[in-house]
1. Under 5 Å between amide hydrogens, which residues at least 5 positions from Leu79 or on another chain qualify, with H placed 1.01 Å from N in the peptide plane?
2. Can you list the HN-Hα couplings for the stretch 92-104, worked out from phi with the Karplus curve (6.51, -1.76, 1.60; θ = phi - 60°), rounded to whole Hz and with x for Gly and Pro?
3. What net charge is computed for the residues neighbouring Pro117, neighbours being all others with C-beta under 12 Å from the C-beta of Pro117, Lys and Arg scored +1, Asp and Glu -1?
4. What residues qualify as long-range amide H neighbours of Tyr128, i.e. H under 5 Å apart, gap of 5 or more or another chain, H built at 1.01 Å from N?
5. From the phi angles alone, apply the Karplus equation (6.51, -1.76, 1.60; θ = phi - 60°) to the stretch 70-82 and give each ³J(HN,Hα) in whole Hz, x where the residue is Gly or Pro.
6. Note the full-extension length gain between Asp58 and Gln113 as 0.36 nm times their separation in residues minus their Cα-Cα distance, in nm to one decimal.
7. First check a/c for the stretch 2-142, with a ≥ b ≥ c the square roots of the eigenvalues of its C-alpha gyration tensor; if it is under 1.5, answer rounded, and if not, answer prolate when a/b is larger than b/c or oblate otherwise.
8. Could you pull out every residue, at least 5 positions away or on a different chain, whose amide H is within less than 5 Å of the one on Glu122? Hs are placed 1.01 Å off N in the peptide plane, and Pro or chain starts have none.
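Please treat every number below as a calculation from the coordinates, not as lab data. Note that the coordinates shown come from a computational prediction; the quantities given were computed from them, not determined experimentally. All Cβ positions, glycine included, derive from the backbone under ideal geometry; neighbour counts span all protein chains shown.
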Amino acid sequence: MDVVLGGTFDPVHDGHRALFERAFELGDVTVGLTDDNLAPETRSVDRCVRSFKERKADLELELRSFAEKHGREFEIRELTEPTGVATEPGFDVLVVSPETKDGGEAVNGVREQNGLPPLEIEVVEHRYAEDGDVISGSSPARSTSTATSPRMPTVGHRFKSNRRRSVDRGIRPFFYLRCRRGS
C-alpha cells in the first residue's frame, strides 16, 4: 500500500510518532511537510515555526527509524496547500488524527472532483500525557512526553482546541506567525 500523511511537524512529538508508526505498518510512506508559507498558518497558537529545511532534517531522522523497523521506503514532499499531495494519484491510505479527519474527508472530495478514487482514511487515536491532556504541538512542554496508549479522556476532561473549521472547504483556518531570527 502507498500511504500519505501531512503536517507541519514542529516539533515532532509522540502524537506524530503514533501517526508515523501506523503509516509504516500499512505501507511505504509519503509525508507532506508544509512549506515556509503554509506552515505558520497551521498553528493553532501563536508561536514560532522553524524553517522547512530545519523541520525536514528533523523529520528525516524520525522517519528513518520507522522505515528501517518496518522495512519500508519513505519520501518527504513539500506542501504548498492544505490538501497537499494526497489529492494526487498513487495513494491508497491517508493517515490522520481525530482532529484532522474532516481535512481527510475534504481531500477525498477534491479527489472525487478530479476523478480519483477516495483514499481509505485511517484515524490514529490521540496519545495522552500522564496528566491526561492530549499530547500535541500546541503544548510543547509535553512534546516529548512518554505517551500512554490511546484511551478515552478521564471524566471531566475535554480536549481543548481553539481551532475553527472552515465551512466552505472543510479545512481549518489558522493563525499566522512568522519566526524572525534575532528579534
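1. Counting only residues 5 or more places away or on other chains, the set is Leu33, Thr34, Asp35.
2. For the stretch 92-104, the Karplus-derived couplings read 10, 9, 10, 9, 9, 9, x, 6, 10, 4, 4, x, x Hz, x marking Gly and Pro.
3. Numbers: positive: Arg111; negative: Asp92, Glu112, Glu120.
Its environment carries a net charge of -2.
4. For Tyr128, the qualifying residues are Ile135, Thr148.
5. In residue order, the calculated couplings are 9, x, 10, 9, 8, 9, 10, 10, 7, 9, 10, 8, x Hz.
6. Working: separation 55, 0.36 × 55 = 19.80 nm, distance 3.47 nm.
Extra length available between Asp58 and Gln113 comes to 16.3 nm.
7. On the way: a/c = 1.39, a/b = 1.27, b/c = 1.10.
Rounded shape, in that the Cα axes give a/c under 1.5.
8. Leu94, Val95, Val96
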